[in-house]
Amino acid sequence: MIQKKYLLQLILCFSISLGFSQNTIPSEKLDSNAWEIDNYLGFDNQNNQYGIKNNVIIKRSTTNFEYKNIGLGKITNIDFQNPLQIIVFYKDFNTVVLLDNQLNELKRIDFNLNPELIQLEAVGLSAQNQLWIYDGITNRIGLYNITNDHLKWISTPIKSGIKNYFSDYTFFYWIDHTNQLFTSSIYGTINTLGTIPKHDKMRLLSNSTVLYSYENEIYFYEITKERSSKIKLTENFVGNFFFKDGILAIFTQNIITNYKLILP
């Protein structure tokens, strides 16, 4: 009887341990380096680092580059998925600036001058020399051609609004105010991907997976399975994070720490 009870306890402990391991993801610390900036943005496919200090964009590479434009107010968002064509969005002035790989200004687009009244709420780089835009007045998604300055609306009004957004060359993603994740193709086809947990910050990895931070912890979330797994880190996390090609970079108190992650 005692042996049977002991065996049951062992099985229970093993089950709890197994369940815990399924909900955590180990990480391997690679290195740390200091960078005195206000906000860490991440790194591109050439391992150049991007940050903001005093509303100035800084690109840290073999040679450092900077871009500042005091006249356009506070920087709202930066899209550097193409290091040769960096998109800087200034929401307060309804303006987008295009930069080259040395942060020289290539083009400035003032949407206040557009014949149609537009209030930009989201901007990102799309395919074929176009920009994703979201208009807060009509609540529509559009594609703006950088070459000929032609704007084409591709969606009907989005009723639930946009709380956060992400984009790549072929898809525009957004989270509404009920934490539902949606996507639109360049043809305007909209799909619902699922519900995202309550979070402080988030990065979209694919149609079915995200990384998000909540209460100073980082989690990997599988949307279709509705399952969160905590990322095990060696340091406390308070700040911003970025993930690309298996490397998780976290920024806390002017220190960037890189971890290697193997995600499911």
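The values are calculated or read from the model by the stated rules, or taken from the named source; none is laboratory data. These numbers were taken from a predicted model, which means no experiment stands behind them. In this analysis, Cβ positions are derived from the backbone assuming ideal geometry, glycine residues included, and neighbour counts consider all displayed protein chains.
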Worksheet, complete the sentence: Those residues of region 44-92 that are modelled with pLDDT of 95 or more and among the hydroxyl-bearing types (Ser, Thr, Tyr) come to a total of 4
Discussion item. For region 187-198, give me each residue that is surrounded by fewer than 18 Cβ atoms within 10 Å (Cβ to Cβ) and among the β-branched types (Val, Ile, Thr).
Written reply: 189, 190, 192, 195
Practice prompt. Scan region 251-264 for residues that are out of contact with any strand residue (DSSP E or B) (no Cβ under 8 Å at 6 or more places or on another chain) and in a strand (DSSP E or B) and jot them down.
Written response: 252
Worksheet item: Which ones in region 96-110 are outside any loop (DSSP other than H, G, I, E, B), touching a residue at least 24 places away in the same chain (Cβ under 8 Å), surrounded by 13 or more Cβ atoms within 10 Å (Cβ to Cβ) and touching a Phe, Trp or Tyr at 6+ places or on another chain (Cβ under 8 Å)?
Response: 96, 97, 99, 109
Practice prompt. Being β-branched (Val, Ile, Thr) and surrounded by 15 or more Cβ atoms within 10 Å (Cβ to Cβ) is the filter; apply it to region 199-228 and report the residue that is farthest from residue 157 (Cα to Cα).
Written response: 218
Practice prompt. Taking residue 124 as the residue in question, decide whether it is crowded, with 19+ Cβ neighbours inside 10 Å, touching a Ser or Thr at 6+ places or on another chain (Cβ under 9 Å), within 17 Å of residue 99 (Cα to Cα) and not polar (S, T, N, Q).
Written response: yes
Worksheet entry | Hits in region 78-130 - residues which are of a type in the set (Lys, Arg) and more than 22 Å from the chain's Cα centre (by Cα) | 107, 108
Item to complete: Test residue 72 against the criterion of being surrounded by 15 or more Cβ atoms within 10 Å (Cβ to Cβ) and in contact with a Ser or Thr (Cβ under 6 Å, 6 or more places away or on another chain), and give yes or no.
Response: yes
Practice prompt. Starting from region 24-46, take each residue that is more than 18 Å from residue 239 (Cβ to Cβ) and list its partners that are of a type in the set (Ser, Thr, Tyr) and in a strand (DSSP E or B), counting only C-beta distances under 9 angstrom and pairs at least six apart or across chains.
Written response: 24/229; 25/219; 25/229; 28/259; 44/50
Discussion item. Show me the strands (runs of 3 or more DSSP E) found entirely inside region 165-250 where at least 2 residues are at negative phi and either free of Cβ contacts under 8 Å to residues at least 60 places away in the same chain or under 16 Å from the mean Cα position of the chain (by Cα) (or both).
Written reply: 171-175, 180-185, 190-195, 201-204, 209-214, 217-222, 240-244
